[in-house]
Amino acid sequence: MRDRLEALCRDGIAAVSEAKSADALQEVEIHLLGRNGALTALLKGLGKLSAAERPAAGKLANEVKQALQQAVEEGRCSLAQAELAQDLSGVGMDPTLPGSDLPSGGVHPVMAVARELEDLFSSMGYVVWDGPEIETEAHNFDDLNIPTDHPARESHDTIWMQDHGTSGRLCLRTHTSPVQIRALQKFGAPLRVIAPGRVFRQEAQDATHEHTFHQMEGLVVDKGIGVPHMLHAMNSMLEGVFGRQLETRLRPGFFPFVEPGFELDARCPFCKEGCKVCKGSTWIELMPGGLVHPHVLLSAGLDPQVYSGFAFGLGLSRMAMLRYGIHDIRWMMSGDLRFLEQFPA
Ligand code: DAH
(Lines give C-alpha, C1' and ligand atoms only; values in the text may rest on other atoms or scores of the structure.)
Protein backbone atom coordinates (compact mmCIF):
# COMPACT_ATOMS: atom_id res chain seq x y z
CA MET A 1 0.00 0.00 0.00
CA ARG A 2 2.72 2.35 1.04
CA ASP A 3 4.65 1.83 -2.21
CA ARG A 4 1.55 2.38 -4.30
CA LEU A 5 0.72 5.63 -2.46
CA GLU A 6 4.29 6.94 -2.86
CA ALA A 7 4.27 6.02 -6.57
CA LEU A 8 0.96 7.84 -7.04
CA CYS A 9 2.39 10.93 -5.38
CA ARG A 10 5.56 10.91 -7.49
CA ASP A 11 3.82 10.19 -10.80
CA GLY A 12 1.01 12.60 -9.98
CA ILE A 13 3.35 15.54 -9.35
CA ALA A 14 5.21 14.72 -12.59
CA ALA A 15 1.90 14.65 -14.52
CA VAL A 16 0.90 18.01 -13.06
CA SER A 17 4.15 19.61 -14.14
CA GLU A 18 3.73 18.24 -17.63
CA ALA A 19 0.25 19.74 -18.10
CA LYS A 20 0.67 22.60 -20.58
CA SER A 21 -2.77 24.13 -20.41
CA ALA A 22 -5.52 24.78 -17.88
CA ASP A 23 -7.67 22.09 -19.53
CA ALA A 24 -4.87 19.52 -19.42
CA LEU A 25 -4.24 20.34 -15.76
CA GLN A 26 -7.89 19.89 -14.92
CA GLU A 27 -7.86 16.48 -16.57
CA VAL A 28 -4.83 15.46 -14.52
CA GLU A 29 -6.52 16.73 -11.36
CA ILE A 30 -9.68 14.72 -12.05
CA HIS A 31 -7.62 11.66 -12.82
CA LEU A 32 -5.68 11.95 -9.54
CA LEU A 33 -8.12 13.45 -7.06
CA GLY A 34 -11.58 13.10 -8.63
CA ARG A 35 -14.42 11.00 -7.22
CA ASN A 36 -13.40 8.08 -9.44
CA GLY A 37 -9.73 9.00 -9.51
CA ALA A 38 -6.57 7.08 -8.66
CA LEU A 39 -6.37 8.23 -5.04
CA THR A 40 -9.97 7.26 -4.31
CA ALA A 41 -9.31 3.84 -5.86
CA LEU A 42 -6.31 3.34 -3.60
CA LEU A 43 -8.24 4.49 -0.51
CA LYS A 44 -10.83 1.84 -1.19
CA GLY A 45 -8.07 -0.71 -0.55
CA LEU A 46 -7.53 0.69 2.98
CA GLY A 47 -10.41 -1.42 4.27
CA LYS A 48 -8.58 -4.57 3.30
CA LEU A 49 -5.60 -3.75 5.49
CA SER A 50 -5.22 -5.11 8.99
CA ALA A 51 -6.20 -2.88 11.90
CA ALA A 52 -2.50 -2.46 12.77
CA GLU A 53 -1.52 -1.24 9.24
CA ARG A 54 -4.53 0.96 8.65
CA PRO A 55 -3.66 4.15 10.70
CA ALA A 56 -0.20 4.64 9.12
CA ALA A 57 -1.56 4.02 5.64
CA GLY A 58 -4.48 6.41 6.27
CA LYS A 59 -2.07 9.14 7.44
CA LEU A 60 0.15 8.67 4.40
CA ALA A 61 -2.87 8.75 2.08
CA ASN A 62 -3.82 12.12 3.57
CA GLU A 63 -0.34 13.52 3.07
CA VAL A 64 -0.33 12.33 -0.53
CA LYS A 65 -3.70 14.00 -1.11
CA GLN A 66 -2.46 17.32 0.30
CA ALA A 67 0.77 17.18 -1.71
CA LEU A 68 -1.17 16.50 -4.93
CA GLN A 69 -3.66 19.31 -4.21
CA GLN A 70 -0.81 21.76 -3.58
CA ALA A 71 0.96 20.71 -6.77
CA VAL A 72 -2.26 21.27 -8.77
CA GLU A 73 -2.74 24.78 -7.23
CA GLU A 74 0.84 25.80 -7.98
CA GLY A 75 0.52 24.43 -11.49
CA ARG A 76 -2.62 26.49 -12.00
CA CYS A 77 -0.84 29.70 -10.87
CA SER A 78 2.15 29.27 -13.12
CA LEU A 79 -0.05 28.39 -16.07
CA ALA A 80 -2.09 31.57 -15.50
CA GLN A 81 1.06 33.69 -15.41
CA ALA A 82 2.39 32.11 -18.57
CA GLU A 83 -0.96 32.65 -20.26
CA LEU A 84 -0.97 36.36 -19.32
CA ALA A 85 2.53 36.85 -20.66
CA GLN A 86 1.48 35.05 -23.82
CA ASP A 87 -1.61 37.27 -24.20
CA LEU A 88 0.42 40.44 -23.84
CA SER A 89 3.06 39.36 -26.35
CA GLY A 90 0.29 38.05 -28.62
CA VAL A 91 -1.19 41.52 -29.11
CA GLY A 92 2.26 42.96 -29.63
CA MET A 93 2.07 44.88 -26.35
CA ASP A 94 5.13 45.82 -24.36
CA PRO A 95 4.00 46.76 -20.84
CA THR A 96 7.27 48.58 -20.22
CA LEU A 97 6.55 51.21 -22.92
CA PRO A 98 5.29 54.66 -21.76
CA GLY A 99 1.54 55.34 -22.18
CA SER A 100 0.08 57.36 -25.02
CA ASP A 101 0.15 61.17 -24.78
CA LEU A 102 -2.82 62.99 -23.26
CA PRO A 103 -3.66 66.15 -25.19
CA SER A 104 -2.70 69.17 -23.08
CA GLY A 105 -3.79 72.79 -23.30
CA GLY A 106 -1.63 75.78 -24.15
CA VAL A 107 -1.31 79.22 -22.62
CA HIS A 108 -3.65 81.88 -23.99
CA PRO A 109 -1.66 84.71 -25.63
CA VAL A 110 -3.12 87.27 -23.20
CA MET A 111 -2.12 85.11 -20.23
CA ALA A 112 1.35 84.57 -21.68
CA VAL A 113 1.95 88.33 -21.84
CA ALA A 114 0.32 88.85 -18.42
CA ARG A 115 2.54 86.24 -16.77
CA GLU A 116 5.71 87.71 -18.21
CA LEU A 117 4.73 91.18 -17.06
CA GLU A 118 3.76 89.90 -13.62
CA ASP A 119 7.21 88.31 -13.30
CA LEU A 120 8.92 91.48 -14.49
CA PHE A 121 7.00 93.81 -12.18
CA SER A 122 7.19 91.45 -9.20
CA SER A 123 10.96 91.54 -9.63
CA MET A 124 10.72 95.35 -9.27
CA GLY A 125 8.82 95.04 -6.00
CA TYR A 126 5.27 95.41 -7.31
CA VAL A 127 2.39 93.46 -5.76
CA VAL A 128 0.18 91.62 -8.27
CA TRP A 129 -3.38 92.34 -7.15
CA ASP A 130 -6.83 91.36 -8.32
CA GLY A 131 -10.30 92.88 -8.01
CA PRO A 132 -13.85 91.67 -8.66
CA GLU A 133 -15.25 91.70 -12.18
CA ILE A 134 -18.61 92.79 -10.77
CA GLU A 135 -17.71 96.12 -9.24
CA THR A 136 -19.47 98.81 -7.23
CA GLU A 137 -20.39 102.03 -8.98
CA ALA A 138 -18.27 103.88 -6.44
CA HIS A 139 -15.07 101.93 -7.18
CA ASN A 140 -15.55 101.82 -10.93
CA PHE A 141 -16.54 105.49 -11.29
CA ASP A 142 -17.10 107.92 -8.38
CA ASP A 143 -13.90 107.23 -6.42
CA LEU A 144 -12.00 107.59 -9.68
CA ASN A 145 -13.39 111.10 -10.06
CA ILE A 146 -16.01 110.05 -12.62
CA PRO A 147 -19.27 111.25 -11.04
CA THR A 148 -22.70 110.30 -12.39
CA ASP A 149 -23.02 113.00 -15.04
CA HIS A 150 -19.40 113.01 -16.15
CA PRO A 151 -19.00 112.69 -19.94
CA ALA A 152 -16.27 110.06 -19.40
CA ARG A 153 -19.03 107.61 -18.42
CA GLU A 154 -20.20 107.74 -22.02
CA SER A 155 -17.28 105.64 -23.26
CA HIS A 156 -17.67 103.21 -20.34
CA ASP A 157 -21.14 101.89 -21.11
CA THR A 158 -21.65 98.59 -19.30
CA ILE A 159 -24.18 96.20 -17.78
CA TRP A 160 -25.74 97.31 -14.50
CA MET A 161 -27.16 95.13 -11.75
CA GLN A 162 -29.79 95.89 -9.15
CA ASP A 163 -28.61 97.07 -5.78
CA HIS A 164 -28.77 94.02 -3.51
CA GLY A 165 -27.38 95.57 -0.37
CA THR A 166 -25.66 98.61 0.97
CA SER A 167 -22.89 98.92 -1.62
CA GLY A 168 -24.99 100.82 -4.17
CA ARG A 169 -25.39 99.84 -7.78
CA LEU A 170 -23.13 97.14 -9.21
CA CYS A 171 -21.78 96.90 -12.74
CA LEU A 172 -19.45 94.79 -14.85
CA ARG A 173 -16.22 96.73 -14.39
CA THR A 174 -15.22 98.72 -17.44
CA HIS A 175 -11.52 98.97 -16.59
CA THR A 176 -8.96 97.71 -14.09
CA SER A 177 -8.59 101.19 -12.54
CA PRO A 178 -10.98 100.40 -9.63
CA VAL A 179 -8.29 98.02 -8.34
CA GLN A 180 -6.24 101.19 -7.65
CA ILE A 181 -8.78 102.17 -5.00
CA ARG A 182 -9.13 98.65 -3.62
CA ALA A 183 -5.35 98.16 -3.34
CA LEU A 184 -4.83 101.57 -1.70
CA GLN A 185 -7.65 100.93 0.76
CA LYS A 186 -6.19 97.55 1.63
CA PHE A 187 -2.46 98.28 1.73
CA GLY A 188 -2.22 102.07 2.13
CA ALA A 189 0.95 103.88 1.05
CA PRO A 190 3.70 103.44 0.03
CA LEU A 191 2.44 101.01 -2.60
CA ARG A 192 3.53 99.48 -5.90
CA VAL A 193 0.91 97.33 -7.57
CA ILE A 194 -0.10 95.91 -10.93
CA ALA A 195 -3.57 94.55 -11.52
CA PRO A 196 -4.18 92.41 -14.59
CA GLY A 197 -7.77 91.43 -15.32
CA ARG A 198 -10.82 91.07 -17.50
CA VAL A 199 -13.00 94.09 -18.24
CA PHE A 200 -16.30 94.62 -20.06
CA ARG A 201 -17.86 97.29 -22.23
CA GLN A 202 -20.93 97.76 -24.32
CA GLU A 203 -19.24 97.92 -27.73
CA ALA A 204 -20.22 97.47 -31.34
CA GLN A 205 -17.81 94.62 -32.06
CA ASP A 206 -15.30 94.82 -34.86
CA ALA A 207 -11.67 93.84 -35.44
CA THR A 208 -10.46 96.25 -32.75
CA HIS A 209 -13.46 96.36 -30.37
CA GLU A 210 -14.73 93.57 -28.17
CA HIS A 211 -17.18 93.56 -25.26
CA THR A 212 -14.77 91.53 -23.12
CA PHE A 213 -11.05 92.18 -23.07
CA HIS A 214 -8.05 92.41 -20.74
CA GLN A 215 -6.17 95.29 -19.21
CA MET A 216 -3.35 95.68 -16.73
CA GLU A 217 -3.32 98.56 -14.31
CA GLY A 218 -0.17 99.91 -12.74
CA LEU A 219 -0.09 102.14 -9.65
CA VAL A 220 2.71 103.53 -7.53
CA VAL A 221 2.04 105.82 -4.56
CA ASP A 222 4.75 107.16 -2.31
CA LYS A 223 6.28 110.44 -1.20
CA GLY A 224 7.83 112.47 -4.02
CA ILE A 225 6.62 110.42 -7.01
CA GLY A 226 6.62 112.27 -10.34
CA VAL A 227 6.47 111.92 -14.11
CA PRO A 228 10.02 110.51 -14.55
CA HIS A 229 9.09 107.55 -12.31
CA MET A 230 6.00 106.97 -14.42
CA LEU A 231 7.99 107.07 -17.65
CA HIS A 232 10.47 104.54 -16.33
CA ALA A 233 7.69 102.13 -15.35
CA MET A 234 5.90 102.51 -18.69
CA ASN A 235 9.08 101.98 -20.68
CA SER A 236 9.91 98.89 -18.62
CA MET A 237 6.44 97.60 -19.39
CA LEU A 238 6.96 98.00 -23.12
CA GLU A 239 10.39 96.43 -22.97
CA GLY A 240 8.76 93.49 -21.19
CA VAL A 241 6.21 93.05 -23.99
CA PHE A 242 8.45 93.62 -27.01
CA GLY A 243 11.73 92.36 -25.62
CA ARG A 244 13.61 95.56 -26.51
CA GLN A 245 13.52 99.28 -25.83
CA LEU A 246 11.17 101.24 -28.06
CA GLU A 247 11.45 104.95 -28.70
CA THR A 248 8.54 106.61 -26.88
CA ARG A 249 6.87 110.00 -26.65
CA LEU A 250 4.35 111.54 -24.24
CA ARG A 251 1.30 113.50 -25.33
CA PRO A 252 -1.22 115.16 -23.07
CA GLY A 253 -4.33 113.05 -22.50
CA PHE A 254 -7.41 113.40 -20.37
CA PHE A 255 -8.53 110.84 -17.79
CA PRO A 256 -10.54 112.07 -14.79
CA PHE A 257 -8.47 110.11 -12.26
CA VAL A 258 -5.05 111.52 -13.20
CA GLU A 259 -3.70 115.07 -13.33
CA PRO A 260 -1.74 115.70 -15.47
CA GLY A 261 -2.77 112.88 -17.81
CA PHE A 262 -0.78 111.47 -20.74
CA GLU A 263 -0.84 109.17 -23.69
CA LEU A 264 2.36 107.25 -24.29
CA ASP A 265 3.11 106.46 -27.92
CA ALA A 266 5.89 104.17 -29.11
CA ARG A 267 7.70 103.99 -32.42
CA CYS A 268 5.98 101.31 -34.46
CA PRO A 269 7.82 98.05 -33.70
CA PHE A 270 6.87 96.68 -37.15
CA CYS A 271 8.09 99.29 -39.64
CA LYS A 272 10.26 102.32 -40.28
CA GLU A 273 8.23 104.15 -42.91
CA GLY A 274 4.67 103.55 -41.78
CA CYS A 275 2.46 100.46 -42.07
CA LYS A 276 -1.10 99.25 -41.48
CA VAL A 277 -0.55 98.82 -37.74
CA CYS A 278 0.65 102.41 -37.19
CA LYS A 279 -1.69 103.72 -39.89
CA GLY A 280 1.28 105.22 -41.73
CA SER A 281 2.37 107.47 -38.84
CA THR A 282 5.26 105.31 -37.46
CA TRP A 283 3.85 105.91 -33.95
CA ILE A 284 1.35 103.72 -32.13
CA GLU A 285 -0.73 104.81 -29.20
CA LEU A 286 0.10 102.32 -26.48
CA MET A 287 -0.53 103.33 -22.93
CA PRO A 288 -2.44 106.03 -21.08
CA GLY A 289 -1.26 107.18 -17.68
CA GLY A 290 -0.67 110.13 -15.43
CA LEU A 291 -0.17 111.37 -11.89
CA VAL A 292 -2.82 110.14 -9.50
CA HIS A 293 -5.55 112.75 -9.00
CA PRO A 294 -5.86 114.08 -5.40
CA HIS A 295 -9.52 112.98 -5.44
CA VAL A 296 -8.40 109.33 -5.87
CA LEU A 297 -5.90 109.59 -3.02
CA LEU A 298 -8.59 111.13 -0.80
CA SER A 299 -11.08 108.35 -1.75
CA ALA A 300 -8.52 105.87 -0.49
CA GLY A 301 -7.97 107.86 2.72
CA LEU A 302 -4.55 109.28 1.82
CA ASP A 303 -3.41 112.88 2.23
CA PRO A 304 -2.49 114.34 -1.21
CA GLN A 305 -0.23 116.85 0.54
CA VAL A 306 1.95 113.97 1.72
CA TYR A 307 1.61 111.37 -1.00
CA SER A 308 1.71 111.46 -4.78
CA GLY A 309 1.72 108.71 -7.34
CA PHE A 310 1.39 107.63 -10.93
CA ALA A 311 -0.97 105.22 -12.64
CA PHE A 312 -1.08 103.69 -16.09
CA GLY A 313 -3.42 101.40 -17.94
CA LEU A 314 -2.19 98.80 -20.35
CA GLY A 315 -4.46 97.16 -22.91
CA LEU A 316 -3.26 93.59 -22.36
CA SER A 317 -5.35 92.23 -25.22
CA ARG A 318 -3.99 94.89 -27.52
CA MET A 319 -0.38 94.20 -26.43
CA ALA A 320 -0.83 90.48 -27.04
CA MET A 321 -2.26 91.26 -30.49
CA LEU A 322 0.70 93.47 -31.35
CA ARG A 323 3.18 90.98 -30.02
CA TYR A 324 1.78 87.94 -31.83
CA GLY A 325 0.53 89.72 -34.96
CA ILE A 326 -3.15 88.94 -34.26
CA HIS A 327 -5.30 91.14 -36.48
CA ASP A 328 -8.74 90.67 -35.00
CA ILE A 329 -9.49 91.05 -31.27
CA ARG A 330 -12.57 88.82 -31.63
CA TRP A 331 -10.30 85.76 -31.84
CA MET A 332 -9.15 86.38 -28.29
CA MET A 333 -12.32 85.36 -26.46
CA SER A 334 -13.68 83.15 -29.24
CA GLY A 335 -12.58 79.88 -27.61
CA ASP A 336 -11.84 78.66 -31.13
CA LEU A 337 -9.29 75.82 -30.92
CA ARG A 338 -7.92 76.58 -34.39
CA PHE A 339 -6.75 79.88 -32.93
CA LEU A 340 -5.76 78.67 -29.46
CA GLU A 341 -3.74 75.68 -30.68
CA GLN A 342 -1.28 78.06 -32.29
CA PHE A 343 -0.07 79.02 -28.81
CA PRO A 344 1.52 75.97 -27.20
CA ALA A 345 2.30 75.86 -23.48
N1 DAH B 1 -8.81 103.05 -17.14
C2 DAH B 1 -8.59 103.76 -18.39
C3 DAH B 1 -9.49 103.18 -19.48
O4 DAH B 1 -9.75 102.00 -19.45
C5 DAH B 1 -7.16 103.66 -18.81
C6 DAH B 1 -6.26 104.44 -17.93
C7 DAH B 1 -5.94 105.74 -18.22
C8 DAH B 1 -5.72 103.88 -16.79
C9 DAH B 1 -5.09 106.49 -17.45
C10 DAH B 1 -4.87 104.60 -15.97
C11 DAH B 1 -4.56 105.93 -16.32
O12 DAH B 1 -4.32 104.13 -14.88
O13 DAH B 1 -3.71 106.65 -15.53
O14 DAH B 1 -9.89 103.88 -20.33
LYS65: which aspartates and glutamates have alpha carbons under 12 Å from its alpha carbon, excluding same-chain residues fewer than 8 sequence positions away?
GLU6, GLU29
To the nearest 0.05, what FRET efficiency results for PHE187 and LEU97 with a Förster distance of 51 Å applied to their C-beta separation?
0.45
Compactness relative to 2.2 N^0.38 Å, alpha carbon Rg of the chain
2.03
Label model pair GLU273, SER236: point-to-point distance (7 angstrom along the Cα→beta-carbon line) in nm is 3.8
Quick check: Cα centre of the range 73-95 to Cα centre of the range 183-233, how many Å?
65
Give the dimensionless ratio obtained when the Cα radius of gyration of the range 68-127 is divided by 2.2 N^0.38 Å.
2.66
Among 54-65, 218-229, 108-119, 287-298, how do they line up by average Cβ neighbours within 10 Å per residue, starting with the highest?
287-298, 108-119, 218-229, 54-65
In Å³ per residue, the alpha-carbon convex hull of the range 185-267 encloses 148
Could you work out the percent of alpha carbon pairs in the range 100-189 separated by over 16 Å, rounded to a whole number?
66
ALA138 to SER334: extension gain in nm, 0.36 nm per residue of separation minus the Cα-Cα distance?
67.4 nm
For the chain, what is the accessible area per residue in Å², given a 1.4 Å probe and the full set of protein chains?
57
Among the aspartates and glutamates, select those whose C-alpha is under 14 Å from the C-alpha of LYS276, and discard any that sit fewer than 8 residues away in the same chain.
GLU285, ASP328
The range 293-309 versus the range 14-39: alpha-carbon centroid distance in Å
96
Approximate spin-label separation SER123-ALA41, in nm, with each point projected 7 Å along Cα-to-Cβ:
8.9
I'd like to know which of LEU46, LEU5, HIS31 lies farthest towards the positive end of the charge dipole of the range 2-88, counting +1 on Cβ of Lys and Arg and -1 on Cβ of Asp and Glu.
LEU46
13 Å reach of a label modelled at ALA67, 7 Å along Cα-to-Cβ, counting backbone N of the range 1-40
2-15
Enter the accessible area of TRP283 (Å², nearest 10), with the probe set to 1.4 Å and all protein chains included.
40
How big is the Rg/Rh ratio for the range 288-345, C-alpha atoms only, Rh by Kirkwood, two decimals?
1.29
Plugging the Cβ-Cβ distance of SER167 and ASP130 into 1/(1 + (r/R0)^6) at R0 = 25 Å yields, to the nearest 0.05, a FRET efficiency of 0.85
Sites LEU298 and ARG249, calculated FRET efficiency, Cβ-Cβ separation with R0 41 Å, nearest 0.05
0.85
At 10 °C and 1.306 mPa s, the Stokes-Einstein diffusion coefficient in µm²/s for the range 155-215, with hydrodynamic radius from the Kirkwood sum on alpha carbon pairs, is 119
Quick one: P(r) of the range 2-88 from all Cα-Cα pairs, 10 Å bins, percents rounded to integers, in order of increasing distance.
17, 44, 24, 11, 3, 1
Surface share of carbon and sulfur [accessible, 1.4 angstrom probe, percent] for the chain:
53
Under 5 Å, built H, 5+ apart or other chain: amide partners of VAL258:
HIS293
For the chain, the longest principal axis of the Cα atoms and the Cα long axis of helix 22-33 enclose an angle in degrees, to the nearest 10, of 40
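The values are calculated or read from the model by the stated rules, or taken from the named source; none is laboratory data. Quantities reported herein were computed from a predicted structural model and do not represent experimental measurements. Please note: Cβ atoms are built from the backbone with ideal geometry, for glycine as well, and neighbour counts cover all protein chains shown. Side chains are part of the model used for accessible areas, which takes the heavy atoms of the whole protein and leaves out ligands, DNA and RNA. Shrake-Rupley method; radii C 1.70, N 1.55, O 1.52, S 1.80 Å.
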